[in-house]
Amino acid sequence: MGAGCVPGHLIYTSAPYRGRVIDTETKAPIEGAVVLAIWYSETMMLAPESPAVDYHDALEVLTDSKGEFTVPWKINFTLFGKIRKPVFFIYYPGYAPFPSVYYTKLGGLGMVKDANGSGFTTVELPKLKTREEERLEGLPNSDPEVPREKKKNLTRLENVERVKLGMPPLHFPYMEQK
């Protein structure tokens, strides 16, 4: 055990997360949106800066024709501290990503849990309407600590939008054709 660390459990399970992504105005489902779940580890340190929070793992899924998604049941392992519930990042070209400054500015309401307690969540994404809203100052970014190979669909969709805006696509080794 490392000096100054407090041990935790070895295994943390994460129940499936289900939801739906829809257009804020039309309430139509958004098919093919990327939902990136990011898990962080939290380690209590014997220091004033406690706890230390670091990237642990990520998993991305796409929404189906009904705008629905399921982040499957997952097991996370850690020797020290604990694994937090996932944080979600949702993106589709032409829409404000969740969460983001644009999202709140354009009237995004956040994740709305189903009233019957089923754990099903609806996220409404506001459509970007002006050139200024279309990310001239850069595209959305999930946590930069998430390795690009863990967010291939996000990078693919970012490239769709970059090309639409007249910007060069991002290139990474895993994107190269063999």
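Quick test for you: out of 97, 86, 48, 72, pick the one residue that is surrounded by fewer than 18 Cβ atoms within 10 Å (Cβ to Cβ) and at pLDDT 80 or above. One residue alone meets the criteria, 72.
For residue 61, the conditions (1) in contact with an Asp or Glu (Cβ under 8 Å, 6 or more places away or on another chain); (2) modelled with pLDDT of 85 or more are fulfilled apart from (1). Filtered by the rule that a residue be surrounded by 11 or more Cβ atoms within 10 Å (Cβ to Cβ), at pLDDT below 85 and out of contact with any strand residue (DSSP E or B) (no Cβ under 6 Å at 6 or more places or on another chain), segment 115-127 gives a lone residue, 119.
The values are calculated or read from the model by the stated rules, or taken from the named source; none is laboratory data. No experiment lies behind these values; they were computed from the predicted model shown. Because the Cβ atoms are built from the backbone with ideal geometry, glycine has one as well, and the counts that use them run over all protein chains shown.
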